[in-house]
1. D130: accessible area at probe 1.4 Å, nearest 10 Å²?
2. How far apart, in nm, are two points set 7 Å out from the Cα along the Cα-to-Cβ line at R79 and at E249?
3. From the helices alone, meaning DSSP H stretches of at least four residues, give me the mean residue ellipticity at 222 nm for the chain, per-run term -39500 (n - 2.57), in deg cm²/dmol to the nearest 500.
4. Could you look at the stretch 142-258 and say what percent of its accessible area is carbon and sulfur, using a 1.4 Å probe and all protein chains?
5. If Lys and Arg each add +1 and Asp and Glu each add -1, what is the summed charge of the other residues whose beta carbon sits under 13 Å from the beta carbon of E25?
6. Which value, to two decimals, describes the C-alpha radius of gyration of the stretch 271-360 once divided by 2.2 N^0.38 Å?
7. Order 28-37, 2-11, 221-230 from most to least packed using the mean count of other Cβ atoms within 10 Å.
8. Just to confirm, what accessible area per residue do you get for the chain at 1.4 Å probe, in whole Å²?
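The values are calculated or read from the model by the stated rules, or taken from the named source; none is laboratory data. The structure displayed is predicted, hence computed values, not measured ones. All Cβ positions, glycine included, derive from the backbone under ideal geometry; neighbour counts span all protein chains shown. Note: areas computed on protein heavy atoms with side chains; ligands, DNA, RNA excluded. Shrake-Rupley method; radii C 1.70, N 1.55, O 1.52, S 1.80 Å.
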Amino acid sequence: MNYLFEKSCSGEIGYDDILYILGLEAGAELDSVFEAAYKVKLKYVGNTAYMRGIVEFSNVCGCDCYYCGIRKSAKGLVRYTMSEDEIVEAAMESYRLGYGSTVIQGGELRSPEFTRKFESIIRQLKEKSDGKLGITLSLGEQDLETYQRWFDAGAHRYLLRIESSNPELFASLHPSSQNFDSRVDALRLLRTAGYQVGTGVMIGLPGQRLEDLANDVLFFKKMDIDMIGMGPFIPHDLTPMRDSIPDFESKKDSQLLLGLKMIAATRLCLRDVNIASTTALQALAHDGREQGLLAGANIIMPNVTEVKYRESYQLYNGKPCTDENASMCRSCLGRRVESIGESIGYNQWGDSPHFANRTR
Ligand code: SAH
């Protein structure tokens, strides 16, 4: 499969190659695709995995995405919102553990108070860490002024998944108040504000074709995205999509494999971006994140949220590690990453080389 490596290096991986990769069954041919993607990873971003300690600050959400376990209409879960101090404390735990960066993620609200709260949190984190903690936000769609205030306060990366680059599929997953075009606009606003911009999709959605996924990869490329976070779709019991994939249990392996193929295809096509090996992969197999690293990902997002909140932040069924605290996570991860011959970039930001290349 060396031709894929060569083709990637000359920037020529296109739709047909991606579709071919996504269509492969497990076996020798697919293994050599993963090897080619891994070689591209080594060449463009190296074999160091960078950490972002994730703080899941609230499951109160103004959105009603049909797939998501913390959607506004989900009944029967305990809603929580961490205080400013709790969020700062959890993010600083990520700093103390040597992760170098934090991701602040949660339900999405839009209000002057929400903007102010995170502006203050970002400033405190910068102050307490002497400017050393890298801050990624995942706070949904906001206006340019809000994005700018958070950037000016010290956040420098932002994750906002497009969920699917097919507008019809996007529309089938969201109420009409959540609009595909405004999400694409938000990605542009984030760039204008100066962020390293991350996006991603859910993989294996009902009604999603391999062609859609191939177009998703091309969308990342067209939008000149710096970071990718994507993972398999996993139904959640409290959502309208709970039964959207019949007999999901028996499809876990193929869902995981499709997620890994997307990582490999994205690495081969985009080369120098950061790609997360997401928790959704780990929810499908205990070593799902290691498999993600071997397929071409280079970022891991260990959970640093206080254990008492973790049960309440379940975007999908079977979320792993809800009973482990942050330091247990740290040692477990260290072993896992070393087991595949990689090292962890402790105390480093591990920024997307693509961002440096595009803004040079
Ligand atoms: N409001 C924030 C965080 C949302 S949750 C934001 O907009 O960025 C983060 C991601 O979890 C979502 O973008 C979605 O892709 C993923 N997610 C939600 N429900 C899921 C499910 N059932 N299966 C897999 N991924 C899911």
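1. Here the residue's solvent-accessible area equals roughly 120 Å².
2. Placing both labels 7 Å along Cα→Cβ, they lie 3.3 nm apart.
3. -14000 deg cm²/dmol
4. 50 percent
5. -2
6. Cα-based Rg divided by the globular estimate yields 1.18.
7. Final packing ranking: 221-230, 28-37, 2-11.
8. 39 Å²
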